[in-house]
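Visitor: Before I ask anything, here is the structure I am working with.
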Amino acid sequence: MVPPLLSYAEPDSPLQIVAIDEDECFRDTLSNELEPRGFSVTTFADGPSVLEAIDSLAAADLIVLDWDHSSSPGLTLLHQLRRAGVAAPIVFLTRRSIASNECVALENGAIDFIDKSRGYAILAFRLKIARQKVPTAQRDKTFTLGELKLKTQVSRAFWAGTDLDLTVGEFKIVALLAANAGHHVTYRALYDVLHYRGFVAGCGESGYKTNVRSAIRRIRRKFEALDPHFDRIQNYTAFGYIWALDGE
């Protein structure tokens, strides 16, 4: 017997899908067809409506965008979601399966580009496979460390249950420190998460350190506004910062 080239394991709970499509009939049919196949589907008509409901994306396993949307083109919406701190994996649906469009979609971070005409059975199968393409480490939707809770899919941070209202860049710094709790993180590593590895800015070779210090001050003020005794983010002179654990 020839083994399948690619298979997937059925999840223990429904896959959470958020779909944005301007065709109301398609949205209704998508929900009706996918839910019996192991999905929970939330739909929106356009980009503005989903951007106003960012919190609804926190539980999403996949976000499904309409490449051909007339008012909220899929590629434009992908970039808007990323700028808003939404990190959930994205799949495009299209009515016109053109190779050049598929290349652009994949180059911009989509994990699949699916022709709507293939039918719902194929779509369900492809979405489940797309979910398996996501590295296990990126599937966790929340990260908790003491009083800190991070909703990684939407770049939201909470301290003792209250939203810290961090910017996307500030969230990235806190997430990196928390992921390395108890270990020092260099100025360079902290700066790289704000931009990209090797990015140069500031005055002189080490000017980026000033930018990191400024960001840390802003972050600390937001924590201290909720907890005047907050002291988890500590400086290691000339090296970087650490998220201190109890007793440190």
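Visitor: Are any residues in the range 28-68 buried (at least 19 other Cβ atoms within 10 Å of the Cβ) and more than 22 Å from the chain's Cα centre (by Cα), and if so, which ones?
Guide: Residues satisfying the conditions are Leu30, Leu34.
Visitor: Sticking with this one: Report the residue count in the range 135-161 for those that are loosely packed, with under 13 Cβ neighbours inside 10 Å and polar (S, T, N, Q).
Guide: Summing the residues that are loosely packed, with under 13 Cβ neighbours inside 10 Å and polar (S, T, N, Q) in the range 135-161 gives 3.
Visitor: When residues of the range 89-136 are filtered for being assigned to a strand (DSSP E or B) and of a type in the set (Ser, Thr, Tyr), how many remain?
Guide: 1
Visitor: Regarding Ala121, is this residue within 15 Å of the chain's Cα centre (by Cα), in the same structural domain as Trp67 (by TED's automatic domain parsing) and either at pLDDT 90 or above or closer than 30 Å to Glu35 by Cα (or both)?
Guide: No, not satisfied.
The values are calculated or read from the model by the stated rules, or taken from the named source; none is laboratory data. Every value quoted in this text rests on a predicted model; they were computed, and no experiment measured them. FYI the Cβ positions are ideal-geometry reconstructions off the backbone, even for glycines, and counts take in every protein chain you see.
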